[in-house]
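Colleague: Got a structure here, written out as C-alpha cells. Questions coming.
The values are calculated or read from the model by the stated rules, or taken from the named source; none is laboratory data. Note that this is a predicted model, so its numbers are computed, not measured. Cβ placement follows ideal geometry from the backbone for every residue including glycine, while neighbour counts extend to all protein chains displayed.
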Amino acid sequence: MEFRLLENTPLTSAVWRMRLGGDTAGITRPGQFVQLKLPGFYLRRPISVCDWDGDSLTLVYKVVGQGTEAMTGLRPGETLDLLTGLGNGFDVNACGQRPLLVGGGVGLPPMIGLCRSLVENGKKPTVLAGFNTAAEVFLRDAVEQLGAPFVLATMDGSAGVKGLVTDAMGDLDFDSVCACGPEPMLRAVYHAAEVPGQFSFEERMGCGFGACMGCSCKTKYGSKRICKDGPVLAREEIIW
Amino acid sequence: MEFRLLENTPLTSAVWRMRLGGDTAGITRPGQFVQLKLPGFYLRRPISVCDWDGDSLTLVYKVVGQGTEAMTGLRPGETLDLLTGLGNGFDVNACGQRPLLVGGGVGLPPMIGLCRSLVENGKKPTVLAGFNTAAEVFLRDAVEQLGAPFVLATMDGSAGVKGLVTDAMGDLDFDSVCACGPEPMLRAVYHAAEVPGQFSFEERMGCGFGACMGCSCKTKYGSKRICKDGPVLAREEIIW
Amino acid sequence: MVKDLSVTLSGVHLDNPVIPASGTYGFGQEFLPYYDINILGSLSFKGTTAEARFGNPTPRIAECHDGMLNSVGLQNPGVEHVIAEELPALRKVFHKPIIANISGFSVEEYVRCVELLTREEQVEILEINISCPNVRHGGMAFGTNPEAAADITRAVKQVATKPVYMKLSPNVTDIVSIARACEDAGADGLSLINTLLGMRIDLRRRRPVLANVMGGYSGPGIFPVALRMVYQVTGAVNIPVIGMGGISSARDVIEMMMAGAKAVQVGAANLVDPCACKKIIEELPQEMENLGIDRLSDIQRV
Amino acid sequence: MVKDLSVTLSGVHLDNPVIPASGTYGFGQEFLPYYDINILGSLSFKGTTAEARFGNPTPRIAECHDGMLNSVGLQNPGVEHVIAEELPALRKVFHKPIIANISGFSVEEYVRCVELLTREEQVEILEINISCPNVRHGGMAFGTNPEAAADITRAVKQVATKPVYMKLSPNVTDIVSIARACEDAGADGLSLINTLLGMRIDLRRRRPVLANVMGGYSGPGIFPVALRMVYQVTGAVNIPVIGMGGISSARDVIEMMMAGAKAVQVGAANLVDPCACKKIIEELPQEMENLGIDRLSDIQRV
C-alpha cells in the first residue's frame, strides 16, 4: 500500500522518527508492525508501529544497518510501499487495570500506541523504559502527554534508576506486564514479574506475513511464526 | 562524470532528444558516444553524441528496449552519470571538401555534430538522411540551420526520394562519405560510393571504453574494438 | 485480440502458467487478504515430509543484493496433518489444480508421502523435491547424483497415480545428466531450478547471517542461471519442464517459456510483494500483445 | 589510527587486497585516463593462450538484472605478443606485482604459456584459468573434473618458477573436491569463482542474446554463491584463496575476506564504473574503522 512520507527526523544520535500518511485501516492493535519496501534493498524492513491515527502512522527506528541507514535519507513527499497491520500485536483486554509497559531501547516505541489504547480503555498503565544512558532517552514526552507515569532506568545511572529495568520494577505497582526489547530483558522481566504478561519478540523475517517460515520459534503450544502468530507471545506460551 | 538533465522531449513517436549539462571537455570528435548509467540497469547505455558545446551535449535516441524506454522517464533536474568522449569518432581532416554525410534512422544524430565541425572547417557537407516514412523524419531543421543541404530518402516515398539512401546518391556531388546507420545501409553506401569513406558501426557493448572485448570485430588490420578503436572504421579497414 | 494464457502439464490444464513456488506460499491462506488466489494457474504447497519438522534454527533468512537466502529446512506439520488440516482448508478457498511438493530423507519416506498425497483429489501433480539445500542427508544429496535421483523416481512412480515431477538442484556440474536419469526412470516432468547454495556474513557480528551458515539463494539474481539450465534440460529431455528461479515479471515468464518451460513457478517475489503473482498474471496479456504472442502455449523454445 | 590494507599471497606483498579480475581490465591501459592504476594491489591481466584468438562471434554481452553475461571466448593476441608488446607497455605505467592469467586447450598449451610467462620479472603469480565457460574443449572442462585439474596443476608446477594459483569454476557439484585436487597436486593457491554459466533471451527477436547462446554470468548477483564457495574451500584447504565474484564495494571486500579469502579480485564492477577499484580502495579504511579492523590481514575466517 502506498504511503506518503510526512516527516523523518532524528530523536537522538541513532534513533529517528518517521511519520507516514496513508490508509491505516489495516492496523487493528498496538504492537503490530509494517513491512517497508526500501529502494535498492530486496527484502522489506519490519518496523513496529509506534502510534497511529486514521490517516497516518509513526515509526520510531534505530539506525543499525544499511537499511535503516538508508531510511534516514528518505525525504518528506516521497511515497513508500508498506504492508500494514502485520502481526498479532498486544491484547489490551488481556491486560489488567494497572499494566506495566516495559520498553528497552527501540523496544519502547510500540509502548506508545499500547499506552494510548490502554488509557482509552480506562486502564492505568505505567511505562518503564530502559536505556544505556541519559543521552539515548527518547519518547518520554509522548508517554507523559498520555498522562501515564514514565519510569526510567539507565545502565550508567545518568538518568532515573541505575541499572536494568528489573532494578526499577520492585517499587512499582502493577497487575500485568507488556514488554518489548532485547531478549535478555524480556527474560529478566518474565522472571521478575509473575503476573499475566505479553512479550514482543524480534526475529529476522523474510515476508513478514506468515508465508516463508523464516521466523519460526518454538512455544509450549507448538511452533509459531513471529511475524504472523507473534510478535507478541503470552507468558503461558513461552518456553524459558 | 555527473551531468544535469536539461531537456528530454520526443521528436517523433519513437525518437527523443535529451540535453545534458556538464563538462564536455572529454569530447574531442563528432561521432563519439557517451555511456549513460540508468538507475535500475546494470550496464551503461551507449548513445552517440548528436552535438555538443562547452558545457552541454545533445543525445537523440530511439526507444527500442527497456533501457531507452526508461530514459524517456527521466526529468529535467535529475543528475546522470556519464562517461564521455568514448570512441574514435569521425576524422574531419580525412573528409574531402564536399563530404556526403549519410544517416539512416537513428544513425542521423551524430551527423549533426559532424556537419557542424565540417562547416567550421570550411568544408561543404551535404546530409543525406534515410527513413521509412515522412512521419519518422527528425533533425531536418538542425541540418538546415547549419546551412547544409538536407537530402531525404524514404522507403515509402512519402517524403524526398522514394527508396534507399543509395537511390538518392546518384544525383549528388560529393568527394567523400561518412555514414552511420544499419549495417545493410552501410554496406550499400560502401559499394555505391567508391570514394574515401568513414563508416560508424554498432555493436552490443560491455564497458564502452575498450576493457572487456565485448564488441570486437575483424578488420583488414586485425581485430578492433567497436567501442574504443571504433565506432568509426575507414573504408580501407572494412572487410566486405 | 483476447490472449490465451492456458497451458497443459502432463494433461493437467492450467488457466495460466503462473504457479507459486513451494515454500514461498504456505498453503495459500496467508495470501487471501491480498487477492483471490483462484486467479493462479496452480499452487505448489509447502514441502511436506512424513513426520512434522520444526526445521533449522533461526536466523533462517539473509538478504542479498538482488535476492535472499533461506535455511528454513523443510519446516512442515507432517503429511498426515497436511492431509487432515491444510488441504481441506485450502480446498475451501482454492479450486484449481494443486501441486503437492514432497521431500524426504529416504526413499521410503518419499514413497510414504506420495502414497498418501496421490489419493488427494485436488492434487494433480506430485512434485518430488530432491534438491533442498538446507538439510543434511537426503534433500539435495538425492538431486546431485543421477543414480540416486533415478532410484527415487522409480520408487515414487510405482505408487503414484498422478504425474510425477522431479524438482532438480542447480548445484551440480551437469544438470542434464540428472534430468535424463529422472526421465529414463519414468518421471512425467521436471521442475527446475531449486535454490543456489549461497552464504552471507554479518560484518559487525563477524559470523554467518544464517544460523545454519549456508542457505538457498533465490530471487532475480539467479534468473540467468535458471534460464540457462531450463534451456539445457529442455534441449535434452522430452518431458515437460516447469521453469523457476528469480521470476518476478510477466517478461520473465515469457523469457522462461522461450527457454523451453511449459509453465513457471514464482518464488521469492511472493515474499517481497504478496501481490506478485497477481501482478504478473495481469501483466501477461499486455506483454504478449507487445511481443505478438496470442497463445502462451504457442511459445517455442528458441 | 592509520589502517593497514596490505596482504601477502604466497610471499608476494600487496599494498592492498584489491586486484582487477582477468578479462575486465585488459592490460591496464584503458584505465589510465581514469586513475593512477598503481593504487592497485596487483592486476590480473587478460587471459592469455599460446596462439592469438579472436574469440566468439558477437553479440558477446548480455545484460542481467544484477550483472551481465559475457561470451568473449578468450580473445587475446597470444603469449608471444603479450610478452613482446603488452607487458613492456604495462611495465611503463604499472609498478606493482602482476598476476599472469593463463588459459589453454591442452596441458601442453598451459605448460608452454607458463614456461614463457614465469620468466617475466614483474609477473609474480601465475593464475591458471581452468574454468572459462565460453570455449568448447579445454577451459571449463579442466575445471569440472578433479583429475584433469590435478593433471594441469602438476604439469604447470613442473615449469613454474612463480606461485601457481588455479582459477576454479563454480559450475560444479563439489568445488571442494576440485580445490583439494589442485592443492594435493601442488598448487600454491586458488582463485575463485569464475563466472556462473548463464543465459538470456531477446524476447523480440526470440533468440538468445548471445551469439554463443550461453555465457559467463558475473556481477553482484553471483556474490552470495562466490562467498559460499570461498568459505567452503578455505575450510578445506591450507593454501591461500583469492576470492572473487560480484565484489563491488569495500564491504564486499571485507565480507569476502571474512569468508576466508586472503585477497580479492574485482571484475564486472570495472566495466560499469572504470573507477570501481579506486573507489573500493578509498572506501576500505573508513569501512575498517566502522568495523573496528586495523589490519586487513588480521581478518579471520568466520
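Colleague: Pick from A:E2, A:E7: which is within 14 Å of another protein chain (Cβ to nearest Cβ) and touching a residue at least 24 places away in the same chain (Cβ under 8 Å)? Walk me through it before giving the result.
Modeller: Working: A:E7 fails: within 14 Å of another protein chain (Cβ to nearest Cβ).
Result: A:E2 is the single residue among A:E2, A:E7 that is within 14 Å of another protein chain (Cβ to nearest Cβ) and touching a residue at least 24 places away in the same chain (Cβ under 8 Å).
Colleague: Here is a further query. List the residue pairs whose Cβ atoms are under 6 Å apart, where the first residue sits in the stretch C:278-302 and is away from every other protein chain (no Cβ under 13 Å) and buried (at least 18 other Cβ atoms within 10 Å of the Cβ), the second is part of a helix (DSSP H, G or I) and at pLDDT 95 or above, and the two are 6 or more positions apart or on different chains.
Modeller: Hits for this filter: C:I280/C:A250; C:I281/C:I39.
Colleague: When you go through D:I130, D:I125, D:I222 one by one, which is the residue that is surrounded by 24 or more Cβ atoms within 10 Å (Cβ to Cβ) and within 12 Å of chain C (Cβ to nearest Cβ)? Spell out how you get there, then give the answer.
Modeller: Values: D:I130 fails: within 12 Å of chain C (Cβ to nearest Cβ); D:I125 fails: within 12 Å of chain C (Cβ to nearest Cβ).
Exactly one of D:I130, D:I125, D:I222 is surrounded by 24 or more Cβ atoms within 10 Å (Cβ to Cβ) and within 12 Å of chain C (Cβ to nearest Cβ), namely D:I222.
Colleague: Could I ask something else about it? Quick check on my filter: what residues within the stretch C:187-208 are buried (at least 21 other Cβ atoms within 10 Å of the Cβ) and over 18 Å from C:I130 (Cβ atoms)?
Modeller: To start, the set of residues in the stretch C:187-208 that are buried (at least 21 other Cβ atoms within 10 Å of the Cβ) comprises C:187-201, C:208.
Across the stretch C:187-208, the qualifying residues are C:G198, C:M199, C:R200, C:I201, C:P208.
Colleague: Could you list, in sequence order, the residues of the stretch B:188-209 that are away from every other protein chain (no Cβ under 14 Å) and either within 16 Å of the chain's Cα centre (by Cα) or under 28 Å from D:G67 (Cα atoms) (or both)? Show your work before the answer.
Modeller: At the first step, the residues of the stretch B:188-209 found to be away from every other protein chain (no Cβ under 14 Å) are B:188-200.
Passing the criteria: B:V189, B:G197, B:Q198, B:F199, B:S200.
Colleague: If you don't mind, another one. Return the residues of the stretch D:44-54 that are surrounded by 20 or more Cβ atoms within 10 Å (Cβ to Cβ) and over 25 Å from D:D4 (Cα atoms); say none if nothing qualifies.
Modeller: Kept after step one, since they are surrounded by 20 or more Cβ atoms within 10 Å (Cβ to Cβ), are these residues of the stretch D:44-54: D:44-50, D:53.
Passing the criteria: D:F45, D:K46, D:G47, D:T48, D:T49, D:A50, D:R53.
Colleague: With (1) farther than 19 Å from C:N238 by Cβ; (2) touching an Asp or Glu at 6+ places or on another chain (Cβ under 7 Å); (3) among the basic types (K, R) as the list, and C:K167 as the residue in question, which single condition is left unmet?
Modeller: All conditions pass for C:K167, except number (1).
Colleague: Tell me yes or no: at least one residue of the stretch A:193-215 is within 20 Å of A:L164 (Cβ to Cβ), buried (at least 23 other Cβ atoms within 10 Å of the Cβ) and of a type outside the set (G, A, S). Reasoning before the result, please.
Modeller: Looking only at the stretch A:193-215, we keep the residues that are within 20 Å of A:L164 (Cβ to Cβ), and these are A:193-195, A:197-202.
Checking the rest, the ones that are also buried (at least 23 other Cβ atoms within 10 Å of the Cβ) come to A:197-200.
In the following step, the residues that additionally are of a type outside the set (G, A, S) were identified as A:198-199.
Looking for residues that are within 20 Å of A:L164 (Cβ to Cβ), buried (at least 23 other Cβ atoms within 10 Å of the Cβ) and of a type outside the set (G, A, S), one finds at least one in the stretch A:193-215, hence yes.
Colleague: Go through the residues of the stretch D:184-195 one by one and say whether even a single one is assigned to a helix (DSSP H, G or I) and away from every other protein chain (no Cβ under 12 Å). Let's see the steps before the verdict.
Modeller: Of the stretch D:184-195, the ones assigned to a helix (DSSP H, G or I) are D:184.
Narrowing further to those that are away from every other protein chain (no Cβ under 12 Å): D:184.
Yes, the stretch D:184-195 contains a residue that is assigned to a helix (DSSP H, G or I) and away from every other protein chain (no Cβ under 12 Å).
Colleague: Could we say that D:G41 is surrounded by 15 or more Cβ atoms within 10 Å (Cβ to Cβ), within 12 Å of chain B (Cβ to nearest Cβ), under 20 Å from D:E127 (Cβ atoms) and of a type outside the set (V, I, T) here?
Modeller: Working: surrounded by 15 or more Cβ atoms within 10 Å (Cβ to Cβ): yes; within 12 Å of chain B (Cβ to nearest Cβ): no; under 20 Å from D:E127 (Cβ atoms): yes; of a type outside the set (V, I, T): yes.
Spelling it out, it is not the case that D:G41 is surrounded by 15 or more Cβ atoms within 10 Å (Cβ to Cβ), within 12 Å of chain B (Cβ to nearest Cβ), under 20 Å from D:E127 (Cβ atoms) and of a type outside the set (V, I, T).
Colleague: Just to be sure before I move on: is C:A62 among the small types (G, A, S) and either within 14 Å of chain D (Cβ to nearest Cβ) or surrounded by fewer than 24 Cβ atoms within 10 Å (Cβ to Cβ) (or both) in the structure I sent?
Modeller: Working: among the small types (G, A, S): yes; either within 14 Å of chain D (Cβ to nearest Cβ) or surrounded by fewer than 24 Cβ atoms within 10 Å (Cβ to Cβ) (or both): yes.
So C:A62 passes the test.
Colleague: Checking the condition more than 14 Å from chain D (Cβ to nearest Cβ), more than 19 Å from the chain's Cα centre (by Cα), assigned to a loop (DSSP other than H, G, I, E, B) and aromatic (F, W, Y), which residue from C:Y34, C:Y25 passes?
Modeller: On the way: C:Y25 fails: more than 19 Å from the chain's Cα centre (by Cα).
Step by step, each of C:Y34, C:Y25 is checked, and only C:Y34 is more than 14 Å from chain D (Cβ to nearest Cβ), more than 19 Å from the chain's Cα centre (by Cα), assigned to a loop (DSSP other than H, G, I, E, B) and aromatic (F, W, Y).
Colleague: Give me the helices (runs of 4 or more DSSP H) completely within the stretch C:198-301, filtered to those with at least 1 residues that are among the hydroxyl-bearing types (S, T, Y) and within 20 Å of the chain's Cα centre (by Cα), ordered by residue number. Quick ask: steps written out before the conclusion?
Modeller: Working: elements: C:223-234, C:250-258, C:268-272, C:276-291.
Filter on the stretch C:198-301 gives C:223-234.
Colleague: Residue check: is B:R140 over 15 Å from B:C178 (Cα atoms), surrounded by fewer than 18 Cβ atoms within 10 Å (Cβ to Cβ) and among the charged types (D, E, K, R)?
Modeller: Numbers: over 15 Å from B:C178 (Cα atoms): yes; surrounded by fewer than 18 Cβ atoms within 10 Å (Cβ to Cβ): yes; among the charged types (D, E, K, R): yes.
Yes: the conditions hold for B:R140.
Colleague: Of everything in the stretch A:223-238 that's within 16 Å of C:T58 (Cα to Cα) and part of a strand (DSSP E or B), which residue is farthest from the other protein chains (Cβ to nearest Cβ)?
Modeller: A:K224
Colleague: So B:C212 ticks every box in (1) out of contact with any Leu (no Cβ under 6 Å at 6 or more places or on another chain); (2) within 14 Å of chain D (Cβ to nearest Cβ) but one. Which box is left unticked?
Modeller: Of (1) out of contact with any Leu (no Cβ under 6 Å at 6 or more places or on another chain); (2) within 14 Å of chain D (Cβ to nearest Cβ), only one is false for B:C212: (1).
Colleague: Shifting gears a bit: B:A70 versus (1) more than 25 Å from B:E136 (Cα to Cα); (2) within 14 Å of chain D (Cβ to nearest Cβ); (3) out of contact with any strand residue (DSSP E or B) (no Cβ under 7 Å at 6 or more places or on another chain); (4) small (G, A, S): which is the lone unmet condition?
Modeller: The failed condition is (1).
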